[in-house]
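Scroll down for the structure; my scribbles are underneath it.
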Amino acid sequence: MDKIYATITAVGSFVPETKLTNKDFESMIETTEEWILTRTGIQERGILKDKDKASSYLGTKACEKIIQTKNLDPKTIDAVICATVTPDFVFPANANLIAYNIGATNAFSFDLNAACSGFLYGLTMCTSFIESGRFKKILLVGAEKMSSIINYADRTTSILFGDGAAAVLIERTTDSECHIKDSILKSDGIGADFLKMKAGGSMFPASKETVEQKEHYIFQEGQSVFKYAVKCMADVSAELMARNHLIGDDIAWLVPHQANKRIIEATANRMAISMDKVMINIQKYGNTTSATIPLCLADWEKQLKKGDNLILAAFGGGFTWGATWVKWGYNS
Ligand code: COA
């Protein structure tokens, strides 16, 4: 019997129409358009304004695009997995809501929290699910309403994040060349205090004090996170490439997490990958946490060719980080 591999067969994305621009921030905090652009690479970010909608809505829209393009019967989907740090509720899981919305009535569904590395963690997990032979079709979606946990008076974090979602369909293939090839995932709890949302969990449940102290918002020690991000993303990508005997010239695209353009440039530089082979869309969306990497795949889908080597690399809160080697499986 042919060996079963896992491959991405479709991508879909959804970003809210309402944009918060760098100019908008000039009237909200002490900053300039120029500072934000030069220090982060971001020009605007999508913001989900509707009061009655949250990240499961964005995730649902991204999954619906895949269902439409693939003309997929949602009842054939075995699992829906949502990577998110901003689920609609602590529970039920966003994935449960998304599976219900899209009519994936035969799927099991759950959320995965690995912050900005959530999509890569999910991709490795889905690959193992498919390769086990027990499952045929899995929807993996990164969906975030980051605006729900941003303090718009804090100039060091508010400018960075945006709302959005993107999904991939992962299916079986017997193509021994083109599939999700390898990955290395890592974490280190030393990062817990550098990037966190302090309250709202079981340690500090919501109270008058936690609200007054603004502890339901993202806290980040930007410079420390920056240094770890560059080192960890580059190291893990280099390790993955070395163990698979890949050199920079073999790589068609580096698909990095979009947290700061300077982090992306420093990572690509350390990996000796030229910038024309690096996917960057941070200028349009900001940091959408677990959605950044699939959002890149969606934006570049038309340019991707069967057989292209992609290195996906992420770093995020926890700390969590990792890299995945994908040999792309289809032409659009
Ligand atoms: N507008 C204007 N000035 C700002 C500003 C803003 N929005 N935010 C911070 N500053 C100021 C700081 O207060 C500081 O002023 P000071 O020197 O008077 O104290 C100065 O700019 C430099 O701050 P610094 O923190 O050194 O800036 P930076 O170049 O490191 O950029 C970040 C800040 C947050 C953009 C950057 O550290 C970063 O991107 N960090 C990692 C983000 C990340 O990867 N997060 C998620 C991981 S998934």
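The values are calculated or read from the model by the stated rules, or taken from the named source; none is laboratory data. Since we're looking at a predicted model, the values are computed, not measured. Positions of Cβ are generated from backbone atoms using ideal geometry, with glycine treated the same way; all protein chains shown enter the neighbour counts. The area values use the complete protein model at the heavy-atom level, side chains included, leaving out ligands, DNA and RNA. Shrake-Rupley method; radii C 1.70, N 1.55, O 1.52, S 1.80 Å.
Of the strands (runs of 3 or more DSSP E) that lie entirely inside the range 216-332, those containing 3 or more residues that are over 13 Å from the mean Cα position of the chain (by Cα) span 218-220, 309-316, 320-327. Go through the residues of the range 241-257 one by one and say whether even a single one is closer than 26 Å to residue 12 by Cβ, open to solvent by 10 Å² or more (accessible area, probe 1.4 Å) and among the charged types (D, E, K, R). Looking through the range 241-257, none of the residues is closer than 26 Å to residue 12 by Cβ, open to solvent by 10 Å² or more (accessible area, probe 1.4 Å) and among the charged types (D, E, K, R).
The helices (runs of 4 or more DSSP H) falling completely within the range 14-111 that include 2 or more residues that are at pLDDT 95 or above and within 17 Å of the chain's Cα centre (by Cα) map to 55-70, 94-102. Mind listing just one residue for me: the one in the range 264-290 that is within 12 Å of the ligand (Cβ to nearest atom), touching a residue at least 40 places away in the same chain (Cβ under 8 Å) and of a type in the set (A, V, I, L, M, F, W, C) and, of those, farthest from residue 21 (Cα to Cα)? Looking at the filtered set, the residue picked out is 264. Could you check the range 112-159 and list, in sequence order, the residues that are within 16 Å of the ligand (Cβ to nearest atom) and in a loop (DSSP other than H, G, I, E, B)? Residues satisfying the conditions are 113, 114, 150, 151, 152, 153, 154, 155, 156, 157, 158, 159. Scanning the range 206-240 for residues that are without any contact (Cβ under 8 Å) to a residue 40 or more places away in the chain and open to solvent by 20 Å² or more (accessible area, probe 1.4 Å) yields a count of 16.
I need a count of the residues in the range 160-175 that are more than 16 Å from the ligand (Cβ to nearest atom) and open to solvent by 10 Å² or more (accessible area, probe 1.4 Å). So the answer is 5.
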